[in-house]
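For reference, the structure discussed in these notes is given below.
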Amino acid sequence: MTTQNSEMPVDTATYRRRRQILEDYFDKTASETWARLTSDSPVSGVRARVRAGRDEMRNQFLDWLGEDLTGRRVLDAGCGTGALAIEAARRGAEVVAIDIAGSLVEIASERTPADVASSIDYRVGDMTDPSLGSFDHVVAMDSLIHYRPEDIASAVKHLSTLAQRSVLFTFAPNTPLLSLLYGAGKLFPRSDRSPAIVPIGEGRMRRELATALGNPGAGEGRTHRVSVSFYISQLMEVTSGT
Ligand SMILES: C[S@@+](CC[C@H](N)C(=O)[O-])C[C@H]1O[C@@H](n2cnc3c(N)ncnc32)[C@H](O)[C@@H]1O
């Protein structure tokens, strides 16, 4: 596990502020909650459904990446406790997995089975750091959902400069149910409630991408929404050459 002396190309005050809040939250406040949610340990009904939704989303990412990732380089941007990085490595990818929350990266590293450990390079730092290198795919599962639409698009733009083939990321779609759920703070108790998720309409997300990447095609990628009662998230793809 390496700590990056992170460069942060997305240089808006809102991105920096949000990133600091998220680092404090995921590294300290919710580290244990998050470790439990992403483990096999029993959890309450609501969290069990969130877990099921997240499993479905992870499988969708893997489906779009492909069955055989031998020889591919994948950046797991905001890897949390490492589930997607581990699955990508099992399919043959060489993975760099980075997160700003060092405690989660440590858990990810501990959870990594010995047979894929040499295929995953864990880092602590900012996902958009250009020194991370060059990849075939960048995946960002639920790691941009707390940022403003402009900052998500700007982060995706920087991630796309690292990716030869595709960037897959999720945003929180602007559905009445999602607003209600997160507004009511149903997912976590008040003591470790998550920083607000920013719901975004699909059309807005597409327009922001087209603007940030300076290319209308960048906003026209395929998309897939997962909606499992308490978990609602939408996957979107930006391919290189669009
Ligand atoms: C909701 S969790 C998702 C974790 C993981 N992708 C998963 O699906 O299990 C969001 C993660 O993104 C990380 N994160 C947020 N902003 C980041 C940034 N700018 N650079 C790196 N990691 C970031 C957080 O620390 C947190 O671990």
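The values are calculated or read from the model by the stated rules, or taken from the named source; none is laboratory data. These numbers come from a predicted model, not from an experiment. Quick reminder, even Gly has a Cβ in these numbers, built from the backbone with ideal geometry, and neighbours come from all protein chains shown.
Worth pointing out:
- Residues located in the range 39-60, provided they are out of contact with any strand residue (DSSP E or B) (no Cβ under 7 Å at 6 or more places or on another chain), assigned to a helix (DSSP H, G or I) and hydrophobic (A, V, I, L, M, F, W, C): Val46, Ala48
- The listed residue being part of a strand (DSSP E or B), of a type in the set (Asp, Glu) and under 25 Å from Pro9 (Cβ atoms), out of Glu208, Glu237: Glu237
- Check on Thr14, more than 20 Å from Tyr147 (Cβ to Cβ), more than 8 Å from the ligand (Cβ to nearest atom) and either assigned to a helix (DSSP H, G or I) or modelled with pLDDT of 95 or more (or both): no
- Selected residue (criterion: surrounded by the fewest Cβ atoms within 10 Å (Cβ to Cβ)) from residues of the range 214-242 that are of a type in the set (A, V, I, L, M, F, W, C) and at pLDDT 95 or above: Val226
- Residue match in the range 40-58 (condition: within 12 Å of the ligand (Cβ to nearest atom) and closer than 25 Å to Ser134 by Cβ): yes
- Of all the listed residues (Ala153, Ala140), the sole one being near the ligand (Cβ under 10 Å from one of its atoms) and under 20 Å from Gly217 (Cβ atoms) is Ala140.
- Of residues in the range 70-85 being surrounded by 22 or more Cβ atoms within 10 Å (Cβ to Cβ) and assigned to a loop (DSSP other than H, G, I, E, B), the one farthest from the ligand (Cβ to nearest atom): Gly82
- Looking across the range 111-137 at every residue that is away from the ligand (no atom under 13 Å from the Cβ) and of a type in the set (A, V, I, L, M), the one that is surrounded by the most Cβ atoms within 10 Å (Cβ to Cβ) is identified as Ile120.
- The residues on offer are Ala108, Ala88, and the sole one that is crowded, with 23+ Cβ neighbours inside 10 Å, assigned to a helix (DSSP H, G or I), within 15 Å of the ligand (Cβ to nearest atom) and in contact (Cβ under 8 Å) with a residue 40 or more places away in the chain is Ala88.
- Sole residue being surrounded by 14 or more Cβ atoms within 10 Å (Cβ to Cβ), part of a helix (DSSP H, G or I) and touching a residue at least 12 places away in the same chain (Cβ under 8 Å), chosen from Arg36, Arg19: Arg19
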